[in-house]
Amino acid sequence: MQIFYFYIFNIFNSIIWVMLSLSSENLKLWVLWIFILAFFVSNTLMFSSNKKNRLLEKTKTIDFFIMTNMFMALAYIWTNGLMPIYYRIILSVFVLSALSLNIYVKNNELKEIHQMKSLLDIKIQEIGELHNITNAINSVLDLERLLDMVLSVTVEVLKVKRVSLFLFDEEKENLILKISKGLEKELFNNLKIPAGQGIIGLVARTGRPLLIKDIEQEMPEFYKPSDKNNEYQDKSFLCVPLKIKSETIGVLSVNDKENKEVFNENDLELLNILSTQIAVAIENANLIDNMKDNYKSTILALSNALDAKDSYTGGHSSQVTKYAIPIAKEMGFEKDFMEMLEYAGLLHDIGKIGIIENILNKKGRLTDEEFSIIKKHPSIGADILGGVAFLSDVVPLVKHHHERWDGNGYPDGLKSTEIPIGARIIAVADTFDAMTSDRPYRKGLPAEVAKNEIERCSGTQFDPDVVKAFLKAYNKGNIRVEQYEAVNRWI
Ligand SMILES: [Fe+2]
C-alpha cells in the first residue's frame, strides 16, 4: 500500500517541479526536470515490479528509487535560492516524506529477504540431509541399519513424531510394518495391514501419494470417531508409495507434526524424495543379497571340493564355522564381522587342496617332512583366495588360523594381538572340533574334556579373551558337539 502513496506523492512532486521549471528560464531547472522524469519512472517501475512480486527486480528498482530521491534532495539544495519560501517548505515535506518512506520500504524489503533467507537455510538443510542419505545408500550395505538412519532423518527433516515403513510380504497380500520411529513396541511387533485396506492399503494399491490435511473432512470413510481416543490416529498425515521401477513395494507414512501444524505440499515433496531414496536402498540391498547368495554358493562349492579331496576333513569346515559364530557373538562382534568369520570358517583349510592326496589322506602318523608339507596349507589357502576381491578380509584369517597366542604357531610365528582376532577365534573353534571328532585310530574326546583342554591352553595356545567367550557360549549351550559322518583329523 505504501507504494501507492509513493506514487501519489511523486505525481504531486513532479507537478510542482514542472511548474517551477516553466516559470523560470534558468537552465538548472531544466536539468532538474530530467531528474523528475527519472524519479517518476523509477517509482512507476517499482509499483509494477511490486505487482509481479519479483524480489530481485524489486530490490534493484528500490535502490534506483532511493538514488533518484537523493538526487531530488540535492537538487533542492542546489536550487534553493531560486524558490520562494513556501515552495521550499512544501518540497522539504515531500522530499523528507519520500526518503522516510524509502527507508520504511527498504526495511520491509530486508525483512522479506531475511524470511527468504530463513526458508533457503531450511531448504539447504533439507538438501544436505538428502545428500547424506544418498551417500549412505552408496556406503551402508546393511539394509536395516540404512533404513533406521533414513527414518531418523525423515523425523528430523519433516519435524514429525512418527514415521512408519511398510513393505509387501512375498505373496503381496499384506503390508508388514518393517521399521518405525515413534511407535511403541507392542504396536510395532507383527503389525500387518491387508493390501487394499485403510489408507496405507489404498496408497499401496493405487501407487499414488496422499496428502491429508484433515481426514474427517477429506476422507470421512476412513475416519472413525473412536479414533479420537487413539493416540496413533491423527487427522493430518502423509503417505507415499515406495516404488522400484513402476512396481509398488511398500508405503512410507508420517504423522504427528511436532508443531501440531497440518502437512503441506512441501512436506509431500520431501517425503516423495525420501521414499525414492528408500526404494533405491531396498533395491540395492536386494541386489547385494543376491550377490552374496552367489558368493556363498561359490564358497560352499569350494569347501565341498576340499571335503571331496580330503576324506578326513569332510564337514569339518562347516562345524568350525558353527563353533566360531557363537564365540564371536559373545565377544560382541557385529553382522559384517560374522559374515567374514563364516566365510573364513568355511575356507580356513582350503589350502589343503594344494597338498598331495597321499599325504592328506595318509592313515597313521605323519613323518616330519610330511607334516612340514601339511603346514604349508594356510599359506597356500591365502594364495588361492588372494586374488578374490570380496574375500580380501578373509585371507589373513585363513593364513593365520594355526598361529598360537605364545608365538609358537605357523606359518609366521605371530603372537598375541599380532594375530587377527578372527584367526584367534577360528583357532579355538578348529581345535575344539578336531578334539571332539572321531579319528581313524581313536574316538573323539567328550565335549567336556575338550572344553577343559581349551581352558588349559588359554594364554599359551589361545587368546584368553577368546577362551572366555568360548566358555560362556559353551555353558549357555550354544556350542554343542554333533557327530558328523566323515572322519576328521586335527592338523
Ligand atoms: Fe588348518
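The values are calculated or read from the model by the stated rules, or taken from the named source; none is laboratory data. Here the structure is a predicted model, which means the values were calculated and not measured. Quick reminder, even Gly has a Cβ in these numbers, built from the backbone with ideal geometry, and neighbours come from all protein chains shown.
Listed by position, the helices (runs of 4 or more DSSP H) contained in the stretch 328-442 that have at least 2 residues being more than 26 Å from S297 (Cα to Cα) are 357-360, 368-374, 421-436.
Step by step: first the residues of the stretch 383-412, then only those that are modelled with pLDDT of 95 or more and either of a type in the set (G, A, S) or outside the structural domain of S458 (by TED's automatic domain parsing) (or both), then the one that is nearest to the ligand (Cβ to nearest atom). Which residue is that? My answer is G409. Quick one: would you say M291 is more than 16 Å from the ligand (Cβ to nearest atom), at pLDDT 90 or above, closer than 30 Å to E144 by Cα and part of a helix (DSSP H, G or I)? No: the conditions fail for M291. Restricting the first member to the stretch 234-249 and to residues that are among the acidic types (D, E), and the second to residues that are exposed (fewer than 15 other Cβ atoms within 10 Å of the Cβ), the beta-carbon pairs closer than 9 Å and six or more apart or on different chains are E247/G207.
Any chance you could count how many residues in the stretch 411-460 are farther than 18 Å from S317 by Cα, touching an Asp or Glu at 6+ places or on another chain (Cβ under 7 Å) and surrounded by 17 or more Cβ atoms within 10 Å (Cβ to Cβ)? Matching residues across the stretch 411-460 total 2.
Between T321, T298, the distinction of being assigned to a helix (DSSP H, G or I) and in contact with an Asp or Glu (Cβ under 7 Å, 6 or more places away or on another chain) belongs to T321 only.
If you check L360, L300, L274 for being away from the ligand (no atom under 16 Å from the Cβ) and buried (at least 18 other Cβ atoms within 10 Å of the Cβ), only one passes: L274. Scoring A469 on the criteria (1) in a loop (DSSP other than H, G, I, E, B); (2) over 21 Å from F371 (Cβ atoms) leaves a single failure, condition (1).
Which residues, taken from the stretch 257-275, are farther than 15 Å from M149 by Cα and among the polar types (S, T, N, Q)? Within the stretch 257-275, N259, N264, N266, N272 qualify. Which numbered condition in (1) among the basic types (K, R); (2) within 16 Å of the ligand (Cβ to nearest atom); (3) closer than 29 Å to D465 by Cβ is the only one that K309 fails? Of the numbered conditions (1) among the basic types (K, R); (2) within 16 Å of the ligand (Cβ to nearest atom); (3) closer than 29 Å to D465 by Cβ, the odd one out for K309 is (3). Of the residues V203, V163, the single one that is outside any helix (DSSP H, G or I), aliphatic (A, V, I, L, M) and at pLDDT 85 or above is V163.
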